[in-house]
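Colleague: Please read through the structure below; I'll follow up with questions.
The values are calculated or read from the model by the stated rules, or taken from the named source; none is laboratory data. The structure displayed is predicted, hence computed values, not measured ones. Neighbour counts run over all protein chains shown; Cβ positions are idealised from the backbone, glycine included. These accessible areas exclude ligands, DNA and RNA; they are computed on the full protein's heavy atoms, side chains included. Shrake-Rupley method; radii C 1.70, N 1.55, O 1.52, S 1.80 Å.
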There are 2 protein chains.
Amino acid sequence: MSPKSSTIATGIDRFLGCELAGEIEFLAARTRSLGSARANALLAPLGLKVRSYSVLSLACSDLSPTQRELAEFLSLDPSQIVPLVDQLEKGGFVERCADPNDRRSKVISATRAGHTLYKQARLATAKGESTSMERLSKVEQETLRDLLSRIAFMPAN
Amino acid sequence: MSPKSSTIATGIDRFLGCELAGEIEFLAARTRSLGSARANALLAPLGLKVRSYSVLSLACSDLSPTQRELAEFLSLDPSQIVPLVDQLEKGGFVERCADPNDRRSKVISATRAGHTLYKQARLATAKGESTSMERLSKVEQETLRDLLSRIAFMPAN
DNA sequence: ACTTAATCGTTGACTTTTTCAAGAGTTTAA
DNA sequence: TTAAACTCTTGAAAAAGTCAACGATTAAGT
């Protein structure tokens, strides 16, 4: 047995010590790439992708997000939100409601069916996340979440 | 003064407590998005983007990566490496060398000019990274790097 | 040795994602 | 009341991602 024991050797181990592997932007990119591939696979049976899942998640919150807010929070162009909401609306999972405070905006809220779908989808992403994090202890997982959230919401400056 | 004091209010603060904001995959996506936008802006004067910078970085290591290895390490399709190396080669920063062990492979290595360019580029990305991480202490930064690198290199399973 | 299967870089076609400018309707400020 | 700013939407164009196939080369099976 030339590789250690448990996991499959990927062949990139010899790059682990290189300078690039120490840059958080690179690490974040790889983390996202692996994570979203996994999440997409788990969400596919529900007819969702990571993007549409994210919109559904916010629509299921009690925060009544506008499309503009969805775009900013999800790091997307406002024009990218349109087809995402279109598709969820077509499936009957989400509704565009008039914003009482500002008739320019449209507030996205989940229907009953949307909430039901989200419950299942959330289980899928939670499963993916626990797979991604399986090499970290519970405490480490919370630390990671905290540190990441502190740099993920920096103002544009 | 309605916003606190220092930093610009982005308007997404009210979403910080939502369920999605607690998912690492989402946090990694936002981190990458902010980070690569900043890095691209800093690398642009050098004629590089994050992608080409990453290839150059590995070419400057003493690891003699093949294109296949570059693809795997950078989470890209092998066919995406081709134009990246083409461009760097055209600029005289990188060379495709025959792999003595396997004539199918091509080893990518940096030229003198490539090393020079990389030194400057590395300064740019380091500056971007320190901006990204400015809300974290030095110890926290190292913790984040360690935790992320442990989940960023999981085997495919 | 010889055939078969697998791998590497490359190309080309195709889909998806990203980016950007502009338009119609609405709100805010002057 | 006009002008400027903002929201959603559309459409076009560029960039990125996916995938199958090819020639050249290596590895495996017999």
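Colleague: Place +1 on the Cβ of every Lys and Arg and -1 on the Cβ of every Asp and Glu in the stretch B:19-129, take the dipole about the Cα centre, and give the residue among B:ALA121, B:LEU84, B:GLN67 whose Cα lies farthest towards its positive end.
Modeller: Result: B:ALA121, furthest along the dipole toward the positive end.
Colleague: Of A:CYS60, A:CYS97, A:CYS18, which has the largest mean-square fluctuation in a 10 Å C-alpha GNM of chain A?
Modeller: So, out of A:CYS60, A:CYS97, A:CYS18, the one fluctuating most is A:CYS18.
Colleague: With +1 assigned to the C-beta of every Lys and Arg and -1 to the C-beta of every Asp and Glu, and no other charges, what is the dipole magnitude of the protein assembly as shown about the Cα centre in debye, to the nearest 20?
Modeller: Using Cβ point charges on Lys, Arg, Asp and Glu, the protein assembly as shown gives about 260 debye.
Colleague: Roughly what would the spin-label model give for B:LEU123 and A:ASP62, points 7 Å off Cα along C-beta, in nm?
Modeller: 5.4 nm
Colleague: Once neighbouring chains are kept in place and the probe is 1.4 Å, which whole percent of the accessible area of chain A is contributed by carbon and sulfur?
Modeller: 53 percent
Colleague: At a 1.4 Å probe radius, which order do A:LEU123, A:LEU48 fall into by accessible area, largest first?
Modeller: A:LEU123, A:LEU48
Colleague: What 222 nm value per residue comes from the helices of chain B, counting each DSSP H run with n ≥ 4 as -39,500 (n - 2.57) and dividing by all residues, nearest 500 deg cm²/dmol?
Modeller: Helices in chain B give a 222 nm mean residue ellipticity of -18000 deg cm²/dmol.
Colleague: Under unit Cβ charges (Lys, Arg +1; Asp, Glu -1), what dipole magnitude, rounded to 20 debye, does the stretch B:19-129 have relative to its Cα centre?
Modeller: 480 debye
Colleague: So, one more: For the interface of chains A and B, what total accessible area is buried with a 1.4 Å probe, rounded to the nearest 100 Å²?
Modeller: 6900 Å²
Colleague: Let's see if you can work this out: charge +1 on each Lys and Arg Cβ, -1 on each Asp and Glu Cβ, no other charges. What is the dipole magnitude of the stretch A:11-72 about its Cα centre, in debye to the nearest 20?
Modeller: 300 debye
Colleague: Calculate, for the stretch B:19-129, the solvent-accessible area per residue in square angstrom, rolling a 1.4 angstrom probe over the heavy atoms of the protein chains. If you can, show how the numbers build up before the last one.
Modeller: On the way: 5390 Å² over 111 residues.
Normalised by residue count, the accessible surface of the stretch B:19-129 is 49 Å².
Colleague: Right, another one. So for chain A, averaging the separation of alpha carbon pairs under 8 Å that are six or more residues apart and normalising by length, what relative contact order in percent results?
Modeller: Computed over chain A, the figure is 20 percent.
Colleague: Count the lysine pairs in the stretch A:1-134 that are 8 or more places apart or on different chains: how many have C-alpha atoms under 30 angstrom apart?
Modeller: The result is 10.
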